[in-house]
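Chemist: Pasting in a structure now, in structure tokens, and then I'll have a few things to ask.
Read the figures in this text as sums done on the coordinates, not as results from a lab. Nothing here was measured: the structure is a model prediction, and the numbers come from that model. In this analysis, Cβ positions are derived from the backbone assuming ideal geometry, glycine residues included, and neighbour counts consider all displayed protein chains.
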Amino acid sequence: MTDYTQILVDKDDGIATITLNRPDKMNAYTRTMGAEIIAAMDDIDADNDVRAVIFTGSGDRAFCAGADLTPDGGGQVFASGEEVTDLSDERVRDGGGLLTLRLFESKKPLISACNGVAVGVGATMQLAMDIRLASETARFGFVFARRGIVPEAASSWFLPRIVGISQALEWCYSGRVFGAEEAQQGGLVRSVHSPQVLMNEARELAREIAQNTSAVSVAMTRAMMWRLMSADHPMEAHKIDSRAIYRLSRGADAKEGIASFLEKRPPRYPAKVSEDMPDFYPWWDERPYK
């Protein structure tokens, strides 16, 4: 899918920028938007020239003001129609969760540049991103208890891992909207910036990754960090560490990493995530919806 209607995708200098693009609706989330982000991620993961991804919102008011609940939402996030009695039915699946699960599978590092209001799915979609930066004007809210529902987009898995269980529970129990400073203090965002420099800071971070690191190393590191923090023993990490070090240390990128260091020059890593991942990747089981 390249004819996007609710997002913008720009690729430049090894960085892809995905902009949620419904500024007249404060970039409110719809099923259409979710499907377009997933399609964009499929394209980006297959593009070896893209080394990092930045997410932001269109306009200066909102990153994403949550799910579009209006009748004319242009792609309602909640399905309508006959009631489903089998809760394992695909139609029951949460659209925000489909998105965050796809972001979780990304081979590229994901950076959020939160430029305004981010409530509901506007906040939870960012939890599957690796590094979150915020504007001074950003506002976050896990408002589900105030809407009579529960946290979605797999946020009950992501949020406690990022900020700790007590902070996660406080924000979700209260459902209140809070500012960028509290988000930083609580560990949700890495740094807070003026609106004028937010995207520059995000791009600088993305460029640091794109220009200095091996794409395969970063993809493996991302998979290892996200998946192994839930392992029940460090031996599980040791198994993957050992296999990854053994395979990658004999590859072209390791040779280039050493050569560029000794020769005091910028590296030119040849390996591609589309074809040069270690032979045991992915090492995890398929997990179908049940």
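Chemist: Stretched out fully, how many nm does the piece from ARG287 to LEU8 gain, at 0.36 nm a residue minus the Cα gap?
Modeler: Net length gain for the segment: 97.4 nm.
Chemist: Roughly how many nanometres apart are two label points built 7 Å out from the Cα toward the Cβ at GLU170 and MET235?
Modeler: 3.8
Chemist: What do you get for the angle between helix 31-46 and the principal long axis of the chain? Use alpha-carbon atoms, 0 to 90 degrees, nearest ten.
Modeler: Roughly 0 degrees between the two axes.
Chemist: Any chance you could run the full-extension gain for THR221 through ALA46? It's 0.36 nm times the residue separation minus the Cα-Cα distance, nm to one decimal. Write out the running numbers ahead of the final one.
Modeler: Working: separation 175, 0.36 × 175 = 63.00 nm, distance 1.80 nm.
Difference between extended and current length: 61.2 nm.
Chemist: Residue-wise, which Karplus ³J(HN,Hα) couplings in Hz belong to the stretch 208-218, taking 6.51 cos²θ - 1.76 cosθ + 1.60, θ = phi - 60°, and x for glycine or proline?
Modeler: Each residue's phi maps through the Karplus curve to give 4, 5, 4, 8, 10, 10, 7, 4, 5, 4, 5 Hz.
Chemist: Here's something else I'd like to know. Of VAL119, ILE240, GLY97, which is farthest towards the positive pole of the chain's charge dipole, taken about the Cα centre with +1 and -1 on the beta-carbons of Lys, Arg and Asp, Glu respectively?
Modeler: Highest projection toward the positive end goes to ILE240.
Chemist: For the Cα atoms of the chain, what angle does the longest principal axis make with the long axis of helix 252-262, in degrees from 0 to 90, nearest 10?
Modeler: Result, in degrees: 70.
Chemist: Which of GLU152, GLU256, GLU136 ends up with the largest GNM mean-square fluctuation for the chain, with Cα atoms connected below 10 Å?
Modeler: GLU256
Chemist: Please go through the residue pairs LYS107/LYS264; LYS11/LYS264; LYS107/LYS239; LYS25/LYS107; LYS11/LYS272; LYS11/LYS107 and name each one whose alpha carbons sit more than 26 Å apart in this structure.
Modeler: LYS107/LYS264; LYS11/LYS264; LYS25/LYS107, as the Cα separations exceed 26 Å there.
Chemist: Continuing with the same structure: From Cα coordinates alone, what are the radius of gyration and Dmax values for the stretch 213-290 in angstrom?
Modeler: Both quantities, over Cα of the stretch 213-290: 14.4, 53 Å.
Chemist: Calculate the dipole size of the chain relative to its Cα centre from +1 charges on Lys and Arg beta carbons and -1 charges on Asp and Glu beta carbons; express the result in debye to the nearest 20.
Modeler: Its charge dipole is roughly 700 debye.
Chemist: If you place +1 on the Cβ of every Lys and Arg, -1 on the Cβ of every Asp and Glu, and leave all else neutral, what size is the dipole of the stretch 154-290 about its Cα centre, to the nearest 20 Debye?
Modeler: The calculated dipole for the stretch 154-290 is roughly 260 debye.
Chemist: Now for a separate question. If each residue of separation counts as 0.36 nm, what is the full-extension length gain between LYS272 and ASP89 once their alpha-carbon separation is subtracted?
Modeler: Result: 62.2 nm gained on full extension.
Chemist: Please report, in whole Å, how far the alpha carbons of the chain spread along each principal axis, starting with the longest.
Modeler: Ordered largest first, the chain gives principal extents of 59, 46, 41 Å.
Chemist: Whole-Hz Karplus ³J(HN,Hα) for the stretch 219-231, in order, using 6.51 cos²θ - 1.76 cosθ + 1.60 and θ = phi - 60°, x for Gly and Pro?
Modeler: Whole-Hz 3J(HN,Hα) from phi for the stretch 219-231: 4, 5, 4, 4, 4, 5, 5, 5, 8, 8, 5, 9, 5.
Chemist: For the stretch 146-290, what is the largest minus smallest coordinate of the Cα atoms on each principal axis, given in angstrom and ordered from greatest to least?
Modeler: Cα extents, longest axis first: 55, 45, 25 Å.
Chemist: To make sure I understand the rule: partners must be aspartates and glutamates, Cα under 14 Å from the Cα of LYS255, and not fewer than 8 residues away in the same chain. Which ones qualify?
Modeler: Result set, ordered by chain and number: GLU263.
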